[in-house]
Amino acid sequence: MTRFDRLFEVFDAADCVLITSDINRRYFTGMKSSAGVVLAFPEKAYLLIDFRYIEKARATVKDAEVIEAKKLYPQIMELLNKHGAKSVAIESETMTVKELNAYEHFFTEMTFVHNDSLSNAIASLRMIKDSDEITCIQKAQEIAEKAFDELLGFIKAGVTEREIALELNRLMFAYGAEDLSFDTIVLSGANTSMPHGVPSDKKVEEGDFVLMDFGAVYNGYHSDMTRTVCVGEPTDEMKQVYDTVLKAQLAGLEAAKAGVLGCDLDKVSRDVIEQAGYGSCFGHSLGHGVGLEIHEKPNASPNYKLALNEGSVVTVEPGIYIAGKFGVRIEDFVILTENGCKNLTKSAKNLIYL
């Protein structure tokens with residue numbers, strides 16, 4: 001079955017669907033571009049794309065007929081009439097009000113379904129990764145880990161956070177990354193208490209934690225990992241906090257499996273941190289889905305009360321952040337299985353002293 005076939009198995013709120021977002025267009029057609037419109041019916045799908053991308057599209061696109069877009073709206077109308085469609089569903093999460101107004105202005109006799117039904121249906125498909133997607137995600141993770149392993153020899157007292165981030169990025173690209181999963185986070189010393197801080201010109205000092213949150217993109221798919229290392233000898237408090245975060249992360253990995261509620265998985269790790277007296281220092285959710293986007297469904301958070309699906313890829317990333325002192329986060333990401341999970345992150349998690 002194609003991904004379009006799977007979509008229409010779970011979606012019947014309109015005669016056809018209009019896909020305009022870059023991410024979902026790539027998910028369904030296999031082609032990366034910043035332009036193009038997918039119009040899909042239960043019996044056939046089309047990609048309308050302009051001259052700049054037409055050659056690439058004809059060589060790349062799968063499961064959809066490629067049409068050069070010369071007069072987009074009339075061409076869409078022709079296809080709607082050909083298939084006898086009277087209603088069109090749009091992506092409520094990504095289409096702007098301006099774009100929707102333009103479509104409704106031109107297609108006056110068409111009913112546009114702009115509730116969340118299509119976006120939710122696509123999200124439900126994307127949550128469950130197929131074997132090709134898993135292969136790309138694993139490759140992205142291998143690139144990131146290879147870069148991290150080499151980076152450890154670069155980190156020392158006197159280098160800046162920004163220099164470490166730059167070197168890490170260079171290594172990921174050198175080892176085959178198509179892009180970075182997100183702006184690489186490298187923090188040291190007191191800055192590690194900011195979960196999503198920005199690398200600065202602060203120099204690493206002896207006794208500092210260095211926290212690195214990063215990932216690589218391979219064929220559109222993201223990886224995501226966090227490691228916290230120490231330059232020199234940590235204090236007893238630093239060791240205690242690191243051990244607590246590691247214990248919480250291992251508990252989360254042990255509990256991660258298909259069918260567990262996202263909120264319950266979050267609670268497993270959160271309870272460990274709270275019992276150690278650091279509950280107020282863990283202010284973000286335990287994890288999130290990863291795929292064509294760095295943050296996608298499902299989530300492992302206190303407010304996510306749905307069961308996690310078999311085949312989903314989610315992060316497990318507890319942390320403790322003590323303002324003005326230091327922070328620790330350890331993050332792996334895993335594929336959920338019926339009886340547990342497969343950890344895609346192979347880097348060691350014992351506290352590394354540099």
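Listed values, structure above:
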read-out: Filter result (among the small types (G, A, S) and either under 13 Å from the mean Cα position of the chain (by Cα) or within 22 Å of D179 (Cβ to Cβ) (or both)) within segment 114-153; value: A123, A140, A144, A147
read-out: Residue that is most open to solvent (accessible area, probe 1.4 Å), among those in segment 240-252 that are within 30 Å of the chain's Cα centre (by Cα) and under 27 Å from V159 (Cα atoms); value: D243
read-out: Boolean, K32 is at pLDDT below 95, open to solvent by 40 Å² or more (accessible area, probe 1.4 Å) and of a type in the set (K, R); value: yes
read-out: Criterion: open to solvent by 40 Å² or more (accessible area, probe 1.4 Å), among the small types (G, A, S) and in contact with a strand residue (DSSP E or B) (Cβ under 6 Å, 6 or more places away or on another chain) - qualifying residue of A157, A140; value: A157
read-out: Restricting segment 41-70 to residues that are part of a strand (DSSP E or B) and in contact with a helix residue (DSSP H, G or I) (Cβ under 7 Å, 6 or more places away or on another chain), the residue that is farthest from C16 (Cα to Cα); value: E68
read-out: Residues satisfying the stated conditions in segment 200-223, i.e. open to solvent by less than 20 Å² (accessible area, probe 1.4 Å), touching a Ser or Thr at 6+ places or on another chain (Cβ under 7 Å) and part of a loop (DSSP other than H, G, I, E, B); value: V204, G215, S223
read-out: Top-ranked residue of segment 48-67 - restricted to ones that are closer than 16 Å to G220 by Cβ and aliphatic (A, V, I, L, M), ranked as least open to solvent (accessible area, probe 1.4 Å); value: A57
read-out: Hey, I143 assigned to a helix (DSSP H, G or I), within 26 Å of N350 (Cβ to Cβ) and in contact with a Gly (Cβ under 9 Å, 6 or more places away or on another chain) or not; value: yes
read-out: Scan of segment 1-21 for residues that are of a type in the set (D, E, K, R) and either modelled with pLDDT under 95 or not in a helix (DSSP H, G or I) (or both), ordered by number; value: D12, D15
read-out: Number of positions in segment 22-40 that are on the phi < 0 side of the Ramachandran plot and assigned to a loop (DSSP other than H, G, I, E, B); value: 5
read-out: Candidates H284, H196, filtered to the one that is under 30 Å from S124 (Cβ atoms) and modelled with pLDDT under 95; value: H196
read-out: Enumeration of residues in segment 158-188 that are more than 12 Å from L211 (Cα to Cα) and hydroxyl-bearing (S, T, Y); value: T160, Y175, S181
read-out: Residue under evaluation A157, criteria (1) touching an Asp or Glu at 6+ places or on another chain (Cβ under 6 Å); (2) part of a helix (DSSP H, G or I), criterion not met; value: (2)
read-out: Pair list, Cβ < 8 Å and 6+ apart or interchain, from segment 103-127 residues that are part of a strand (DSSP E or B) to residues that are acidic (D, E); value: F112/E104
read-out: Inter-residue pairs, beta-carbon under 8 Å, first farther than 19 Å from Y321 by Cβ and in segment 202-216, second of a type in the set (D, E) and open to solvent by less than 10 Å² (accessible area, probe 1.4 Å), 6+ apart; value: G215/D224
read-out: Selection within segment 264-293 - more than 13 Å from the chain's Cα centre (by Cα) and either of a type in the set (S, T, N, Q) or open to solvent by less than 20 Å² (accessible area, probe 1.4 Å) (or both); value: L265, D266, S269, I273, Q275, S280, F282, S285, L286
read-out: Pairs, first within 15 Å of A251 (Cα to Cα) and touching a residue at least 60 places away in the same chain (Cβ under 8 Å) in segment 340-354, second among the hydrophobic types (A, V, I, L, M, F, W, C) and not in a loop (DSSP other than H, G, I, E, B), C-beta under 7 Å, six or more apart; value: C341/L253; C341/V334; C341/I335; N343/L253; N343/V334; K349/L246
read-out: Only listed residue being closer than 30 Å to S131 by Cα, open to solvent by less than 30 Å² (accessible area, probe 1.4 Å) and not charged (D, E, K, R), chosen from F107, F4, F8; value: F4
read-out: Residue match in segment 294-304 (condition: closer than 21 Å to N339 by Cα, modelled with pLDDT of 95 or more, in contact with a Pro (Cβ under 9 Å, 6 or more places away or on another chain) and open to solvent by less than 10 Å² (accessible area, probe 1.4 Å)); value: no
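The values are calculated or read from the model by the stated rules, or taken from the named source; none is laboratory data. A quick note: this is a predicted structure, and the numbers were derived from the prediction, not measured. Ideal geometry is used to build each Cβ from the backbone, glycine not excepted, and the neighbour counts take in all protein chains shown. Heavy atoms of the whole protein, side chains included, go into the accessibility calculation; ligands, DNA and RNA do not. Shrake-Rupley method; radii C 1.70, N 1.55, O 1.52, S 1.80 Å.
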